[in-house]
Amino acid sequence: MLIVTVAAYSTPSPAPAASAAMLNRAKSVFAQLQSGKVDRSQLTPQMNGASDAQLKSVQSSIAHGSPTSFEQQQSFSQGGYTYAVYLVTFADGSKVNFVFALDSQGKVAGMRVTGAP
């Protein structure tokens with residue numbers, strides 16, 4: 001018998017150190033967001049529900065050219081998803097945080113761009 005407590009779902013567990021595969025996927029999806037041409041076959045059904053207008057909004061917030069660095073700041077697993085937060089720096093000095101999540105099948109389950117300090 002398997003018993004799971006609520007705490008197991010609410011407390012993130014640390015993910016392994018920086019994963020090259022996760023980093024490569026994050027960079028690829030970030031580049032797709034910048035270009036405005038996201039491969040929707042890589043997205044979960046929920047993420048695929050994002051409108052083109054929503055994606056364009058994200059695209060405009062990261063229109064700083066190609067990133068000069070893409071550094072993992074944090075990673076964790078929770079509820080069957082693996083998350084990573086990357087600090088993305090551009091040649092003009094602009095920085096954003098890119099939160100990226102994959103589900104257990106490797107589909108993109110979440111992405112968010114926020115301003116970095």
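The values are calculated or read from the model by the stated rules, or taken from the named source; none is laboratory data. As the structure is a prediction and not an experimental result, all values here were calculated from the model. Neighbour counts are summed over all protein chains in view; Cβ atoms, including those assigned to glycine, are modelled from backbone coordinates with ideal geometry.
Observations
- Counting only strands (runs of 3 or more DSSP E) that fall entirely inside the range 56-117 and contain at least 1 residues that are of a type in the set (Asp, Glu), touching a Lys or Arg at 6+ places or on another chain (Cβ under 7 Å) and touching a residue at least 40 places away in the same chain (Cβ under 8 Å), no element qualifies.
- Selection status of Ala21, over 15 Å from Leu102 (Cα atoms) and assigned to a helix (DSSP H, G or I): no
- Considering residues of the range 55-67 that are under 24 Å from Ala20 (Cβ atoms) and either in contact with a Leu (Cβ under 7 Å, 6 or more places away or on another chain) or surrounded by 13 or more Cβ atoms within 10 Å (Cβ to Cβ) (or both) only, the residue modelled with the lowest pLDDT: Ile62
- Residue within the range 30-53 that is part of a loop (DSSP other than H, G, I, E, B) and touching a residue at least 24 places away in the same chain (Cβ under 8 Å) present: yes
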